[in-house]
Amino acid sequence: MPMITTKDGVEIFFKDWGKGQPIVFSHGWPLSADDWDAQMLFFLRHGYRDIAHDRRGHGRSTQTWDGNEMNTYAADLAALTEMLDLKNAIHVGHSTGGGEVARYIGRHGARRVAKAVLIGAVPPLMMKTAANPGGLPMEAFDQIRAGVLKDRSQFFKDLTVPFYGANRPGASVSQGLRDSFWLQGMQAGHKAVFDCIKAFSETDFTEDLKAIDVPTLIIHGDDDQIVPIADSALLSAKLIKNAQLKIYKGAPHGMCSTLKDRINEDLLSFFKS
């Protein structure tokens, strides 16, 4: 399997398909690079080079004990881009992956970056604080931790309902899609999954967003039950210089799967603009 080895000895699995301008995909929690297959196949047919990695502790990468936090995730992404010598790359991040993209650009700069896309992304900060009164309370994330510790297999199965909006009237979410989420989640290391809850909920990306100076597209569903739009995309769009905000009415968090055709076409239009 294609791997890079980080400075601390962690093996990071990645897919590298096709030729052309590179698109680098960063996945959400607790998933893997496989969550981007619908996008990768689409852009492969449109002449792009598609790269997606399994975050440390997830998928086929090393099941890590340490380093399951945003600074290290961003460093791993930087190591991947350096090893592949990617230039003029488009970085696309969903959910936790959106935070990873923001922290990567914030800490490592945009020298190799042409554009960025944040989809259902966790920035600027998910958790409620004095400076972020609209965020979710710590109790919400403690409940996620408790669910992962008690029975992560069942927790992941239950999570697919709000993740894909299967609890909304008229929703059509296949069992196969829900099973794919569960399978990817169960491939991740338990310690990494647990630690990443803190990473995606408590990391403040405000300064990272202010540092992004490449064309950026923000896509978010206004019925996102995982990362509420009011305290994520709407705020991020104000912090990133000249960001484009595209709101999908009624769309869930997992819209890269449930609305993949629309997502793909909107991404293609942005890439070509």
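The values are calculated or read from the model by the stated rules, or taken from the named source; none is laboratory data. All figures in this text were calculated on a predicted structure; none of them were measured in a lab. Cβ atoms come from the backbone with ideal geometry, glycine included; neighbour counts cover every protein chain shown. Ligands, DNA and RNA are stripped out before the accessible areas are found, and what is left, the full protein with its side chains, is counted by its heavy atoms. Shrake-Rupley method; radii C 1.70, N 1.55, O 1.52, S 1.80 Å.
Table: residues versus (1) touching a Leu at 6+ places or on another chain (Cβ under 8 Å); (2) farther than 18 Å from TRP29 by Cβ; (3) basic (Lys, Arg); (4) outside any helix (DSSP H, G or I).
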{"position": "LYS198", "(1), (2), (3), (4)": "no, no, yes, no"}
{"position": "LYS210", "(1), (2), (3), (4)": "yes, yes, yes, no"}
{"position": "LEU235", "(1), (2), (3), (4)": "no, yes, no, no"}
{"position": "LYS238", "(1), (2), (3), (4)": "no, yes, yes, no"}
{"position": "ASN242", "(1), (2), (3), (4)": "no, yes, no, yes"}
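Of the residues in region 103-112, at least one is open to solvent by 10 Å² or more (accessible area, probe 1.4 Å), out of contact with any strand residue (DSSP E or B) (no Cβ under 6 Å at 6 or more places or on another chain) and at positive phi.
Residue-wise test of (1) open to solvent by 10 Å² or more (accessible area, probe 1.4 Å); (2) more than 20 Å from ILE212 (Cβ to Cβ).
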| residue | (1), (2) |
| --- | --- |
| ASP54 | no, yes |
| HIS58 | no, yes |
| LEU86 | no, no |
| GLY93 | no, no |
| MET127 | yes, yes |
| PRO133 | yes, yes |
| ILE144 | yes, yes |
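For region 1-42, the strands (runs of 3 or more DSSP E) that sit wholly inside it and include 1 or more residues that are more than 17 Å from GLU82 (Cβ to Cβ) are 11-17, 22-26. For region 144-181, filtered to residues that are among the polar types (S, T, N, Q) and not in a helix (DSSP H, G or I), the residue that is farthest from CYS256 (Cα to Cα) is ASN167. Could you check, for region 200-210, whether at least one of its residues is under 21 Å from PRO162 (Cα atoms) and among the hydroxyl-bearing types (Ser, Thr, Tyr)? Among the residues of region 200-210, at least one is under 21 Å from PRO162 (Cα atoms) and among the hydroxyl-bearing types (Ser, Thr, Tyr), which makes the answer yes. Condition test on ALA74, is it outside any loop (DSSP other than H, G, I, E, B), touching a residue at least 12 places away in the same chain (Cβ under 8 Å) and touching a helix residue (DSSP H, G or I) at 6+ places or on another chain (Cβ under 9 Å)? Yes; evaluated as a whole, the condition is true for this residue.
Within region 34-56, residues that are within 18 Å of PRO2 (Cα to Cα) and modelled with pLDDT of 95 or more have Cβ atoms under 9 Å from residues that are part of a strand (DSSP E or B) and hydroxyl-bearing (Ser, Thr, Tyr) in these pairs: TRP36/SER26; ALA52/SER26; HIS53/SER26; ARG55/SER26, counting only partners at least 6 apart in sequence or on another chain. Of the residues making up region 183-205, those that are small (Gly, Ala, Ser), more than 19 Å from ASP158 (Cα to Cα) and in contact with a helix residue (DSSP H, G or I) (Cβ under 6 Å, 6 or more places away or on another chain) are ALA199, SER201.
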